[in-house]
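Comments concern the structure below.
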Amino acid sequence: MKRRTVMSILLSFALAIGLLAGCGGGESADGTGTETETEAADDDTAAETTAADTEAEAGSEAAATENGGYPTTGEEYEIYYIAISETGGQIQNLLDIVEMYKEQVNPNFTMTIEYITDQQARNQKIRTLAASNELPDWFTCDIDSFFNELWDAGMVANIGDIYDQLGIRDNFYPISLNYPSTDEGEVCGISWQSQSEFFYYNKDVFEAAHIDSVPKTMDELFEVCQKIQETGKVPIAMDGAWRLLRFLAFVPYRMTGNEFIEAAAAGSQPFSSEVGLAGAQFIEDIGQYFQKGWTTADSTTVAQLVVNGDAGMYYSGSWDLNIFGKENMELLDNIGIFTLPALGADDATAPTDGFYNGGTPTVISAECAAEEEFMNFFRFLWDHYNDGAFEHGYLPPGKPSSMEGASELQKELLNNYANAGSFAKCWDVVADVATSEVLLNETPSLTLGDLTPEEWAARLDEAIKQNVQQ
Amino acid sequence: MCNNKGSRIHFPATNGRFRGRVCSRDIQTGGQTELKTKKSKKKIAPWLFSGPALLAYTSVVIVPIICSLGFSFYDYSGVGKRVFNGINNYVRMFRDDTFLIAIKNNLLLMAGSTAIQMVLGLVLAILLSNIRKFTNVLRVAYFVPCIISSAAICQIFSKMFSIVPEGVIPALMRLGGMEQIAFLSDSKWALAIVIILDAYKYVSMHMIIFYSALMDVDESVVEAAIVDGCGWWKLHTKIKIPMIMNIIVMELVLLINGTLKAFDISYILTKGGPGTTTELVVTYMYKTSFGMAKFGVGSAMAVFLAVESLAAVGIVRYIGNKLQRRYT
Amino acid sequence: MSSSLLTMRKPVRVLFFVVLLAVALVQIYPFFWVITSSFKTDADLAKAAYLLPSKIYMGHYQQALQSDLMRYFFNSFSVAVGVLVSLIALGAPAGYALSKMRFHYAEKVMTFFLLGMMIPSFACLIPMFQFYNALGLRNTYWALIIPQVGFGLPVCIFLYKNFMSRIPDSLTDAAAIDGASHWYIFMNIIFPMSKNITVTILTFNFVYVWNEFTYANTFMSAGKMKTLPVGLSDFVGEMGGVDWGATFATITLSMLPTLIIYAVLNKQVIEGMTAGAVKS
């Protein structure tokens, strides 16, 4: 006991001194170090990595070798990656490729992945790391206003440039490049899959409500909802997350494309304009067809409602095929799909346009992108990644070398994704992070009827004023 | 004749062997002498004993909070430069309607949850102190919600409140012939449910504190009162409760301080929603700092919270001291 | 206990017992529910939540045990031991100094400690992260132990101080006259006599440490350093889908140690509370 106390005295002294030092160090670090990294990311990487190939051969280090036709430094190298979830095909495919790389190319390579499923907890961690100049090598991050600050500070890499160096840009489908890109059109994130969004519906529920065709227009959608509700079932299964903001975007997207949300997020068009209010009105009207208590429901449970025939429709996407599909990736027998209904003849968007995206992007720190072994791995990764997708049950972000192993449905979805003219932007990503919080807070109130569309719009306009125009 | 004599609480029996030894020495040396002989040592010794804790506490809690409070005078998003902006963050904070709503909700939660935990805790403790059998089993049972993590409790309750598929609470409402209410999605109910769950999770902790205080009330006082013909009700209201008034005040301090910093139930169960109906000061502070990346304003909120807690606890202690003086 | 019971008739006591039992059922129902749910098949889980499982299904436990649950247990346990040992080692002497050593600044020092109770720990997260990072403590148990000790000390010292100040001075004075040092008095008289409050502090802090999420999420990156509360989200998918069965099984398993410890220590906790909470 005596010794323990002495130890603890020493420990706390050491700690106090260390902490004081740390306090000073932390503060001086924030402005300076980043500028040099910027240059490395923007200009030098091209030179550096092309040089890397030759260097690898000429280099005096014994470890610099070429294995399986792929260059490697052969040195120990670790990539630290903050990802969303361990379950899911894309991450399993990535892990498989890491293993292949270790086996075939560089046994000293490791990838340490930390999974943080809760979005707030993940953002909290990434923001803490960023504030301490300790960005992870790779991390999952929406291309939002926070990311733009990292981008402007030169802390994250230009992925498009990396694709160009590797000569693989053309292999990606357009949306896989355009979705994770900055306002100036620079590709700044990795799309891991091709996702398209649509409604799943239960055929038995539709039949019982005497609905013989899927809704083509928003008016028909309301009719369908009404008919299902009359049979006592839940028309639309809903959870309380990002999904609601998609519903909010439906009408404005059909009316103006992405023009409205982009203007609104920039503060040049108020939410209380005609388009904004139309979107708000739509969600207030459709809200009565969600199941009771939807704000705290979770997606697994509500998706199951549709599979079981307790609810009629569920807006989701291709990633949910593991719930709504069979082992062979075709839809279950009682499930059908339909895409985003149109408003009418005056729509700014084609009926086939809708929400397509590459999933939440992964971005790469500028520091990591400047590493030679990262480039070696990245080259290897993209030579194998697209071909592994079908096997892992999802759709690749770029053209696979063959369509073998894809179900008919997957082929169709991939075809739609490859040929989609435009894609709808997600409001929570376009709006700055502070306004996005308000959007996520106030929209459920609007849907529940606690706010009128006008009140809702007024709160958002106020938020925009605070966050954008100050 | 139930007066309050003898309200000083005696030291409970401890290790008998030890006590005996010291007592005999007591007699030998004549007791009350103090450590006057070692005056010079006395000055350093307390610091040697409390120093490690003081140092650890200062370096772990005080230094970071001071660093962090500095942020509250800067415009700081976590990336890039900090821009000094004086008290602007404080001005912005108080102009933010959501923050004002959060304060209001938090005060309601403080009042509601504290009241429930005090009253229910005390009532349960009194009941428990009046039965003979199974007290041990009951005490363990009561403690279960304290042990389950908040994340788990919230997941469990969101399932129990769910209407489709039907959870146990809507099912009971259906059986009772009531219309089912989606409590967690209903702006009229959500805060009440958060308050009830907050109280539910921690009530047993406070119940046990009250219980042990009641068990510790001097037996001789109780016996004397009973001999004087004091009935059950009077025994509790006039003797036992006044005798544990110091505990009640201490509990009030702990509870008010705890509920002002309440976070997890609201954050996990309702995410502050629907709308802002269950937003609390700490949940909003967390969202502001890490969601909106406005660390400056977030730090200002932390300052507000510390001042608020200090004020609340100060008021309680002031009133508490008066109460205690009246009863002792 | 005994004499106050005399004032009550038996039917009243039975009524009390019934009320207490009803409350106890409400308190343990969630626990019961999560255990039964952990044995449900996925099909059962999609049905009304209050139903009992149609058959006992162990698959979720297999799944839970296949994850790194044992590793998380070990991590949580190591952190808990570290926090509890440090808390007592730092808190008990401080409590002694503030209660038993006539010392001019005692009141001020106590107030300084109590200030810590008012500080929300989120407010310190960024500086703390920067310090621990600079010291190379990230991904070590220290990064979880240090903040929880720091924020646990105020209440711990508060309880020790109150408890110890109730130990009559006559006991220590005697030893002091015999020439015993403060350290001797503390180690051989006061600290052993404070056994009950020590147990109380241990129990309550264990509950808290066992459930801590934010530090564990922020200061740990390596998967093998995860603690149980962070590990709970292992069964949440990319788009927010949750594997409820496995989650419930994990919740059940993670609750058991705390519950067992509490059941065993329950008596001492009550005694500790009794004395620690009551000011003389």
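Looking only at segment A:389-424, how many residues end up being charged (D, E, K, R) and either assigned by TED's automatic domain parsing to the domain that holds residue A:268 or at pLDDT 90 or above (or both)?
Count: 4.
So which of A:337, A:323, A:286 is away from chain B (no Cβ under 12 Å), outside any loop (DSSP other than H, G, I, E, B), aliphatic (A, V, I, L, M) and open to solvent by less than 20 Å² (accessible area, probe 1.4 Å)? Write out each step before concluding.
Numbers: A:337 fails: open to solvent by less than 20 Å² (accessible area, probe 1.4 Å); A:323 fails: open to solvent by less than 20 Å² (accessible area, probe 1.4 Å).
The unique qualifying residue is A:286.
In segment C:83-117, which residues are closer than 22 Å to residue C:203 by Cα and at the interface with chain B (Cβ under 7 Å from one of its Cβ atoms)?
Start the filter on segment C:83-117 by keeping residues that are closer than 22 Å to residue C:203 by Cα, which leaves C:83-96, C:113-114, C:116-117.
Answer for segment C:83-117, where residues must be closer than 22 Å to residue C:203 by Cα and at the interface with chain B (Cβ under 7 Å from one of its Cβ atoms): C:90, C:91, C:93, C:94, C:96, C:113, C:116, C:117.
Name the residues in segment C:173-192 that are within 21 Å of residue B:52 (Cβ to Cβ) and crowded, with 23+ Cβ neighbours inside 10 Å, would you?
C:182, C:186, C:190 - these are the residues of segment C:173-192 that are within 21 Å of residue B:52 (Cβ to Cβ) and crowded, with 23+ Cβ neighbours inside 10 Å.
Where in segment C:1-118 are there helices (runs of 4 or more DSSP H), lying wholly inside it, with at least 3 residues that are over 30 Å from residue B:219 (Cα atoms) and open to solvent by less than 20 Å² (accessible area, probe 1.4 Å)?
On the way: elements: C:2-6, C:10-38, C:42-45, C:59-66, C:69-100, C:106-118.
Ranges flagged: C:10-38, C:59-66, C:69-100, C:106-118.
May I ask you to list pairs of residues, at least six apart or on different chains, whose Cβ atoms are under 6 Å apart, with the first in segment A:275-298 being over 20 Å from residue B:161 (Cβ atoms) and the second being part of a helix (DSSP H, G or I) and open to solvent by 20 Å² or more (accessible area, probe 1.4 Å)?
A:275/A:255; A:275/A:256
Hey, could you check segment B:85-102 for residues that are polar (S, T, N, Q) and open to solvent by 20 Å² or more (accessible area, probe 1.4 Å) and say which is nearest to the other protein chains (Cβ to nearest Cβ)? Show your work before the answer.
We begin by selecting, within segment B:85-102, every residue polar (S, T, N, Q); these are B:85, B:88-89, B:98.
Next, from what is left, pick out any that are open to solvent by 20 Å² or more (accessible area, probe 1.4 Å): B:85, B:88, B:98.
Values: B:85: 11, B:88: 10, B:98: 7 Å.
It comes out as B:98.
Going by the conditions given, is residue B:137 over 29 Å from residue B:294 (Cβ atoms) and out of contact with any helix residue (DSSP H, G or I) (no Cβ under 9 Å at 6 or more places or on another chain)? Spell out the reasoning first.
On the way: over 29 Å from residue B:294 (Cβ atoms): yes; out of contact with any helix residue (DSSP H, G or I) (no Cβ under 9 Å at 6 or more places or on another chain): no.
Criteria not met by residue B:137.
Determine which single condition residue A:304 fails, assuming it passes every other condition in (1) within 13 Å of another protein chain (Cβ to nearest Cβ); (2) open to solvent by less than 10 Å² (accessible area, probe 1.4 Å).
The failed condition is (2).
Output the residue which, of all residues in segment C:138-153 that are more than 7 Å from every other protein chain (Cβ to nearest Cβ) and at pLDDT 90 or above, is most open to solvent (accessible area, probe 1.4 Å). So that I can check it myself, show each step before the final result.
Residues of segment C:138-153 more than 7 Å from every other protein chain (Cβ to nearest Cβ): C:138-145, C:148, C:152.
With at pLDDT 90 or above added as a condition, the list becomes C:140-145, C:148, C:152.
Values: C:140: 40, C:141: 57, C:142: 112, C:143: 0, C:144: 3, C:145: 13, C:148: 7, C:152: 12 Å².
Top of the filtered list is C:142.
Being of a type in the set (A, V, I, L, M) and not in a helix (DSSP H, G or I): is that true of residue A:228 here?
Details: of a type in the set (A, V, I, L, M): yes; not in a helix (DSSP H, G or I): no.
No; evaluated as a whole, the condition is false for this residue.
Consider segment B:119-145. How many of its residues are within 8 Å of chain C (Cβ to nearest Cβ), open to solvent by 20 Å² or more (accessible area, probe 1.4 Å) and touching a residue at least 24 places away in the same chain (Cβ under 8 Å)?
Final tally of qualifying residues: 0.
Can you pull out the residues in segment B:185-224 that are among the small types (Gly, Ala, Ser) and under 16 Å from residue B:122 (Cα atoms)?
Going through segment B:185-224, the residues among the small types (Gly, Ala, Ser) turn out to be B:185, B:187, B:190, B:192, B:199, B:204, B:212-213, B:220, B:224.
Correct list: B:199, B:204, B:212, B:213.
Does any residue of segment B:306-320 turn out to be under 22 Å from residue A:463 (Cα atoms), in contact (Cβ under 8 Å) with a residue 24 or more places away in the chain, of a type in the set (S, T, N, Q) and open to solvent by less than 10 Å² (accessible area, probe 1.4 Å)?
Going residue by residue through segment B:306-320, those that are under 22 Å from residue A:463 (Cα atoms) are none.
For segment B:306-320, residues under 22 Å from residue A:463 (Cα atoms), in contact (Cβ under 8 Å) with a residue 24 or more places away in the chain, of a type in the set (S, T, N, Q) and open to solvent by less than 10 Å² (accessible area, probe 1.4 Å): absent.
Please go through segment B:119-153 and pick out each residue that is in contact with a Lys or Arg (Cβ under 9 Å, 6 or more places away or on another chain) and of a type outside the set (Lys, Arg).
Selection gives B:126, B:128, B:129, B:130, B:131, B:136, B:145, B:146, B:148, B:150, B:153.
Can you tell me which residues in segment C:204-222 are among the hydroxyl-bearing types (Ser, Thr, Tyr) and over 13 Å from residue C:83 (Cβ atoms)?
From segment C:204-222, those among the hydroxyl-bearing types (Ser, Thr, Tyr) are C:208, C:214-215, C:218, C:221; that's our starting set.
Selection gives C:214, C:218, C:221.
For segment A:238-260, name all the residues that are assigned to a helix (DSSP H, G or I), over 18 Å from the mean Cα position of the chain (by Cα) and touching a residue at least 60 places away in the same chain (Cβ under 8 Å). I'd like the intermediate steps shown before the answer.
Kept after step one, since they are assigned to a helix (DSSP H, G or I), are these residues of segment A:238-260: A:242-256, A:259-260.
Keeping just the survivors that are over 18 Å from the mean Cα position of the chain (by Cα) gives A:248, A:250-256, A:259-260.
Answer for segment A:238-260, where residues must be assigned to a helix (DSSP H, G or I), over 18 Å from the mean Cα position of the chain (by Cα) and touching a residue at least 60 places away in the same chain (Cβ under 8 Å): A:248, A:250, A:251, A:253, A:254, A:255, A:256, A:259.
Tell me whether segment A:426-449 contains one or more residues that are outside any helix (DSSP H, G or I), within 30 Å of residue B:292 (Cα to Cα) and open to solvent by 20 Å² or more (accessible area, probe 1.4 Å). Give the steps one after another, and end with the answer.
Initially, segment A:426-449 is screened for residues outside any helix (DSSP H, G or I), giving A:426, A:431-432, A:449.
Now restrict to residues that are within 30 Å of residue B:292 (Cα to Cα): A:426, A:431-432, A:449.
When the remaining residues are screened for being open to solvent by 20 Å² or more (accessible area, probe 1.4 Å), the result is A:432, A:449.
Checked segment A:426-449: at least one residue is outside any helix (DSSP H, G or I), within 30 Å of residue B:292 (Cα to Cα) and open to solvent by 20 Å² or more (accessible area, probe 1.4 Å).
Out of all the residues in segment B:212-221, which are open to solvent by less than 40 Å² (accessible area, probe 1.4 Å), part of a helix (DSSP H, G or I) and more than 7 Å from every other protein chain (Cβ to nearest Cβ)? I'd like the intermediate steps shown before the answer.
So in segment B:212-221, the residues open to solvent by less than 40 Å² (accessible area, probe 1.4 Å) come out as B:212-214, B:216-218, B:221.
After this cut, where a residue has to be part of a helix (DSSP H, G or I) as well, the list is B:212-214, B:221.
If the condition is that a residue be open to solvent by less than 40 Å² (accessible area, probe 1.4 Å), part of a helix (DSSP H, G or I) and more than 7 Å from every other protein chain (Cβ to nearest Cβ), then B:214, B:221 are the ones that fit.
Just one of B:306, B:224, B:302 is in a helix (DSSP H, G or I), under 30 Å from residue C:12 (Cβ atoms) and of a type outside the set (D, E, K, R); which is it?
On the way: B:306 fails: under 30 Å from residue C:12 (Cβ atoms); B:302 fails: under 30 Å from residue C:12 (Cβ atoms).
Just one listed residue meets the conditions, B:224.
Would you please name the residue that is nearest to residue A:76 (Cα to Cα), looking only at residues in segment A:92-107 that are open to solvent by 10 Å² or more (accessible area, probe 1.4 Å) and either acidic (Asp, Glu) or within 30 Å of the chain's Cα centre (by Cα) (or both)? It would help to see each step written out before you state the result.
Pass one, segment A:92-107, residues open to solvent by 10 Å² or more (accessible area, probe 1.4 Å): A:92, A:95-96, A:99-100, A:102-104, A:107.
Imposing the further condition that a residue be either acidic (Asp, Glu) or within 30 Å of the chain's Cα centre (by Cα) (or both) reduces the set to A:92, A:95-96, A:99-100, A:102-103.
Details: A:92: 23, A:95: 18, A:96: 19, A:99: 15, A:100: 16, A:102: 11, A:103: 14 Å.
Checked segment A:92-107; the qualifying residue nearest to residue A:76 (Cα to Cα) is A:102.
Check B:188, B:234 and return the single one that is of a type in the set (Lys, Arg) and within 14 Å of chain A (Cβ to nearest Cβ).
On the way: B:234 fails: within 14 Å of chain A (Cβ to nearest Cβ).
The unique qualifying residue is B:188.
If you check residue B:209 against the conditions, is it among the β-branched types (Val, Ile, Thr), at the interface with another protein chain (Cβ under 9 Å from one of its Cβ atoms) and closer than 30 Å to residue B:244 by Cβ?
Values: among the β-branched types (Val, Ile, Thr): yes; at the interface with another protein chain (Cβ under 9 Å from one of its Cβ atoms): yes; closer than 30 Å to residue B:244 by Cβ: yes.
Spelling it out, residue B:209 is indeed among the β-branched types (Val, Ile, Thr), at the interface with another protein chain (Cβ under 9 Å from one of its Cβ atoms) and closer than 30 Å to residue B:244 by Cβ.
Exactly one condition in (1) within 7 Å of another protein chain (Cβ to nearest Cβ); (2) open to solvent by 40 Å² or more (accessible area, probe 1.4 Å); (3) more than 23 Å from the chain's Cα centre (by Cα) is false for residue B:293; which is it?
Only one criterion in (1) within 7 Å of another protein chain (Cβ to nearest Cβ); (2) open to solvent by 40 Å² or more (accessible area, probe 1.4 Å); (3) more than 23 Å from the chain's Cα centre (by Cα) is unmet by residue B:293, namely (2).
Looking at B:172, B:184, B:197, which is the one that is closer than 30 Å to residue A:298 by Cα, surrounded by fewer than 18 Cβ atoms within 10 Å (Cβ to Cβ), of a type in the set (A, V, I, L, M) and at pLDDT 85 or above?
Numbers: B:184 fails: surrounded by fewer than 18 Cβ atoms within 10 Å (Cβ to Cβ); B:197 fails: surrounded by fewer than 18 Cβ atoms within 10 Å (Cβ to Cβ).
Only one candidate passes the filter, namely B:172.
Can you work out which of the residues in segment A:115-154 that are open to solvent by 20 Å² or more (accessible area, probe 1.4 Å) and assigned to a helix (DSSP H, G or I) is nearest to residue A:370 (Cα to Cα)?
Here the answer is A:151.
For segment A:220-257, what are the residues that are hydroxyl-bearing (Ser, Thr, Tyr) and either closer than 15 Å to residue A:200 by Cα or open to solvent by 50 Å² or more (accessible area, probe 1.4 Å) (or both)?
To start, the set of residues in segment A:220-257 that are hydroxyl-bearing (Ser, Thr, Tyr) comprises A:231, A:253, A:256.
Once the filter is applied, which keeps residues that are hydroxyl-bearing (Ser, Thr, Tyr) and either closer than 15 Å to residue A:200 by Cα or open to solvent by 50 Å² or more (accessible area, probe 1.4 Å) (or both), segment A:220-257 yields only A:231.
Mind listing whichever residues of segment C:196-223 are closer than 20 Å to residue A:115 by Cα and assigned to a helix (DSSP H, G or I)?
Step one: list which residues in segment C:196-223 are closer than 20 Å to residue A:115 by Cα, which gives C:211-223.
Within segment C:196-223, C:214, C:215, C:216, C:217, C:218, C:219, C:223 meet the criteria.
The values are calculated or read from the model by the stated rules, or taken from the named source; none is laboratory data. Predicted, not measured: the structure shown is a model, and the values here were computed from it. Note: ideal-geometry Cβ built from the backbone for every residue, glycine included; neighbour counts use all protein chains shown. We work out accessible area using only protein heavy atoms, side chains counted, and drop any ligands, DNA or RNA first. Shrake-Rupley method; radii C 1.70, N 1.55, O 1.52, S 1.80 Å.
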